[in-house]
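Here the structure comes first, spelled out in C-alpha cells, and everything after it is commentary.
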Amino acid sequence: MPGPAAGTAHAATTTDVVCLGESMVTFLPSQPGRLADVPSFGRGIGGAESNVACALAAAGHRAAWVGRVGADGFGDHLVETIAGYGVDTSAVRRDPDRPTGIYFRTATDRGAGAHEVAYYRAGSAASAMSPSNVPYGEVFAGRILHLSGITAALSADCLELLRELTAPRQGRPLVSFDVNHRPHLWRGGDASVLLELARRADLVFVGEDEAEEAWGIVGAEAIRAALPEPAVVVVKRGSAGATVFASGLRPGPRSSNAGGAEEGAAGTGSGDTVTVVPALHVDVVAAVGAGDAFAAGFLSATLRGLPVRDRVRHGHLMAAAVLTVPGDLTEPPARDHADRLAALDDGAWGRLRLGPGWTAADRAPEEVRTS
C-alpha cells in the first residue's frame, strides 16, 4: 500500500501536535437513568484524539486533527465544533459513501456497572482510514504525532495505518501513543496488537487496569519491562497517581529509530529516571474525557520542556478541569495559574482539593486548597 516517503520533511513545521483518529457526535442524557428511560439528549462531540487536539489548542498550542467524517450534517458539526476550539481541521477528509459515527451514553461513570454506551460507528467514515487515503504530509507536519489504540480497533485498514505511522523512518516526529484499550471494540479481536504498537512509539500512556485487562501484565514495573523501547512510559494508576519511566524525550524531528529518545537513541528501560506523582483530590462531576485531558496536559508540558514531575502535574490539572464539568471538553486553567499549582511543594500539592469552578483565572492556590 502507498505510504509516506522516507525522509518526510517537517523540520520547518509550524504545528506543535497532530492528532489522528475518529471523532463522533455524542448524545448526552438530559437526566440520569437507563438509556431506555432517558427522554432526551443533548448533542456534543467525542473522540480521544480530537479531545486531545481541542485541549491543546485551548491551552495555546498549535494543534491539528486529522480524521475522516461523512459528507453529512454530523460531519459538518464535528469539523465546525473542533475548529471552533482553534484546531486546524484542514486535513480532515469527507467520505461520500460512509456516515459519521455517533453514540449515546448514560450519565453514570464509565467504570460503573450501570453505565451504558450505544455506539453506531460500524462502517463509519473513520473506519475507512487506511495507508492509501491519509494525507501523510499533514500527518507528519507536527513536532508530535498523537495516536491511540482506539483507531487500531476500528478496522483492518486502520490497524495497518497505525502500523505504518509508527514504523521507523527518517525524520519521524515524536510519536505519542495512548493505549486506550476499549474492550467492546476488541470483541473477537486480539488486543495484544496494542502492545506491538506501543513498543514502536516514543511516549506511551497506559493505565495499570488496561494493561492487566488487555495483556495480563500487572504493576508499573512489569509494564515498563514489557515496553522497553519507548523513551517515556506513563503508567496511570487511578487515584494513586502516575508513575513515569523516562530515559529522555525531546519533541521534534528525530533520526530513524522508532522508540527513540533524545538524538534518536532508542529507549531501553535501563537507566530510567522513575517519577511518581500523586493524583489530586477532585470533586468529580463526570468521569469522562479525563484520560484525554491528562495526555494533553502532559504533552503541553513536554512541548514546553518542563521537568517530568511538572509534566505529570499538568496532566493531573488538565484532567481535573474536565472532571469538574459534565462533558468531555472544557476551558483549561490559564497557563500561569496551572504553573503556580504545578510548582507547589509536595505537601501543598497533596492538600489541594479541586471542585467545580477551580479553573477561574482569579483563583489563587490558597483559594482552591480546602483540605
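The values are calculated or read from the model by the stated rules, or taken from the named source; none is laboratory data. Owing to the predicted nature of the structure, the values given are computational and were not obtained by experimental measurement. Quick reminder, even Gly has a Cβ in these numbers, built from the backbone with ideal geometry, and neighbours come from all protein chains shown. Areas reflect the complete protein model, heavy atoms only, side chains present, ligands, DNA and RNA absent. Shrake-Rupley method; radii C 1.70, N 1.55, O 1.52, S 1.80 Å.
Selection over segment 198-216 of residues that are in a loop (DSSP other than H, G, I, E, B) and open to solvent by 30 Å² or more (accessible area, probe 1.4 Å) gives a count of 2. Only one of the numbered conditions (1) of a type outside the set (K, R); (2) within 12 Å of the chain's Cα centre (by Cα); (3) on the phi < 0 side of the Ramachandran plot is not met by G289, and that is (3).
For the subset of segment 31-90 comprising residues that are of a type in the set (D, E) and in contact (Cβ under 8 Å) with a residue 24 or more places away in the chain, which member is surrounded by the most Cβ atoms within 10 Å (Cβ to Cβ)? Reasoning before the result, please.
From segment 31-90, those of a type in the set (D, E) are 37, 49, 72, 76, 80, 88; that's our starting set.
Remaining after also requiring in contact (Cβ under 8 Å) with a residue 24 or more places away in the chain: 49, 72, 88.
Numbers: E49: 26, D72: 17, D88: 21.
In this case the residue turns out to be E49.
Give the residues of segment 334-370 that are open to solvent by 20 Å² or more (accessible area, probe 1.4 Å), assigned to a loop (DSSP other than H, G, I, E, B) and at pLDDT below 95, sorted by residue number. Matches in segment 334-370: A334, P356, G357, T359, A360, A361, D362, R363, A364, R369, T370. Filtering segment 120-164 to residues that are in a loop (DSSP other than H, G, I, E, B) and open to solvent by 10 Å² or more (accessible area, probe 1.4 Å) leaves R121, A122, G123, S132, N133, V134, P135, A141, A153, L154, S155. Just one of the listed residues (G149, G137, G75, G84) is in contact with a strand residue (DSSP E or B) (Cβ under 9 Å, 6 or more places away or on another chain) and more than 17 Å from R182 (Cα to Cα), and it is G75.
Residue-wise test of (1) under 30 Å from V38 (Cα atoms); (2) charged (D, E, K, R).
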site	(1), (2)
G67	no, no
A91	no, no
D95	no, yes
V117	yes, no
A126	yes, no
P131	no, no
V134	no, no
R143	no, yes
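Rundown of residues vs (1) under 22 Å from V18 (Cα atoms); (2) part of a loop (DSSP other than H, G, I, E, B); (3) out of contact with any His (no Cβ under 7 Å at 6 or more places or on another chain), yes/no style:
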position: T275; (1), (2), (3): no, no, yes
position: A279; (1), (2), (3): no, yes, no
position: V285; (1), (2), (3): no, yes, yes
position: G291; (1), (2), (3): yes, no, yes
position: F298; (1), (2), (3): yes, no, no
position: R313; (1), (2), (3): no, no, yes
position: A320; (1), (2), (3): no, no, yes
position: D328; (1), (2), (3): yes, yes, yes
position: E331; (1), (2), (3): yes, yes, yes
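The conditions of being in a loop (DSSP other than H, G, I, E, B), modelled with pLDDT under 95 and under 24 Å from G291 (Cα atoms) are met by A114. Of the candidates D178, D97, the single residue that is modelled with pLDDT of 95 or more and out of contact with any Ser or Thr (no Cβ under 8 Å at 6 or more places or on another chain) is D97.
Evaluated against (1) more than 24 Å from A128 (Cβ to Cβ); (2) assigned to a loop (DSSP other than H, G, I, E, B); (3) without any contact (Cβ under 8 Å) to a residue 12 or more places away in the chain, G188 falls short on exactly one condition, (1).
Determine if segment 165-182 includes at least one residue that is assigned to a helix (DSSP H, G or I) and open to solvent by 20 Å² or more (accessible area, probe 1.4 Å). No: segment 165-182 contains no residue that is assigned to a helix (DSSP H, G or I) and open to solvent by 20 Å² or more (accessible area, probe 1.4 Å). Check whether at least one residue in segment 312-323 is β-branched (V, I, T) and open to solvent by 20 Å² or more (accessible area, probe 1.4 Å), and report yes or no. No, segment 312-323 contains no residue that is β-branched (V, I, T) and open to solvent by 20 Å² or more (accessible area, probe 1.4 Å).
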